[in-house]
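Laboratory data are not the source of any read-out in this text; all were calculated from the coordinates shown. Quantities reported herein were computed from a predicted structural model and do not represent experimental measurements. Note that we place each Cβ from the backbone using ideal geometry, even for glycine, and neighbour counts take in every protein chain shown.
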Amino acid sequence: MKDLFIYGIIGDCEDDVCVTAQQIIDQLSWTDDSEIRVRINSPGGSIFDGMAIFDALNKCGKRVIVQIDGMAASMASVIAMVGQEIIMSPFAQIMTHKPCGKSTGSSAEMRQDADLLDDLESKMLSIYVARTGLSEAECQAKFLTGADTWFNAQQALAAKLCDRIEEGALKTMTAPNSMDNVVGVYKHFAAMLNTTDMNFLEQLRKSLSLSAEMTEDSIFAHLSDLQAKASQVEGLTLQVTDLTAKVEGFEAAAIAARDLEVSNLIDTAIAERRILASAKENWTAMFKASPEAAKVSLLAIAAVPDLTLGLGGKGGTLDRKDWSFKDWTKKDPSGLFNMKAENKAEFTALFKAEFGVEPKE
């Protein structure tokens, strides 16, 4: 895989350490690799060269992996968004802000320059929107404010500016076996939980290289182990208490969401006459014991036609041409019982018409 380096100021500059669009295009033309890695450590620079670099990488027909080694600031943060995968070092930073420039001349010329900056800001905004999936308003508020906005690796991950954090040789930090590194990893969890994104478990799994097979319960158990170890460290007691409350809050919210989904599935099945209302408690227990199996079983049950319509039940009229009372009792016992409770006279008339005697109490 070919490595392209954007290490330095973007665009022509007096300093020898600068990267131009022409240099990147030349490097792209020298490789036949289907995948390239763009490594970034840049304070930003020319918007125009930056946009040309972004466009060249975006249209090169290769899979582009962006690796932010030191910082991707200003225009470099926009270029970074070209990656199909954006990887950050745990020590890297991203900085975003509105485009800026210097202007001289008449008031008309300065207004023209201001309009140009607004147009360039709109283009930068569209790139952030396309890459992060956030709305224009969200991207404007997060990335294009009036001041420089810095994101460390964890904050960038939460803001969707990168896909994962690569620990490298320090990957062992993600699976602490001693008290030496538990404090750092514990604080890492704490920083992740400061986000309001309910998808934080997936972020934890990626950033800490946890196995994709780890269940939600396993992740919470892993976190509980860290909490137990961190509580032994002087000065972390209050942080442990605070984080425990946050974890319990997320866990409670996740359980409530699952319970609501199960309740909705069962209520829908009752409304569609696929199960009896009296069976709700049993189905709820089945979902707790084996959620996936219960869901498959519930969805496989066919709906029973509402035979009370046209039979005098709930606004219908008595018409025995298209039904059999005996078949009805087999297919729809709940409807029969409901009719008995709601309209005893009608139930008695139907029973007597079918069997020649009135039903016994």
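Treating r as the C-beta distance of A114 and D33 and R0 as 41 Å, the FRET efficiency rounds to 0.45. Placing dummy labels 7 Å off each Cα toward the beta-carbon, the span from M1 to K288 is 4.7 nm. In terms of surrounding Cβ atoms within a 10 Å radius of their Cβ, D259, D26 rank from fewest to most as D26, D259.
Can you put V19, V82 in order of Cβ neighbours within 10 angstrom, beginning with the fewest? Intermediate values should be presented prior to the final figure.
Working: V19 26, V82 20.
Going from sparsest to densest Cβ surroundings: V82, V19.
The calculated FRET efficiency for the pair A254 and Q84, based on their C-beta separation and a Förster distance of 25 Å, comes to about 0.25. Couplings 3J(HN,Hα) for segment 23-29, derived from phi with the Karplus relation 6.51 cos²θ - 1.76 cosθ + 1.60 (θ = phi - 60°), are 4, 5, 4, 4, 5, 4, 6 Hz, where x marks Gly and Pro.
With K and R counted +1 and D and E -1, the other residues having a Cβ less than 13 Å from that of I6 yield a net charge of -1. Cross-linked pairs K62/K160; K62/K123; K160/K295: Cα-Cα separations exceed 30 Å for K160/K295.
For E167, no residue 5 or more places off, or on another chain, has a built amide H under 5 Å of its own.
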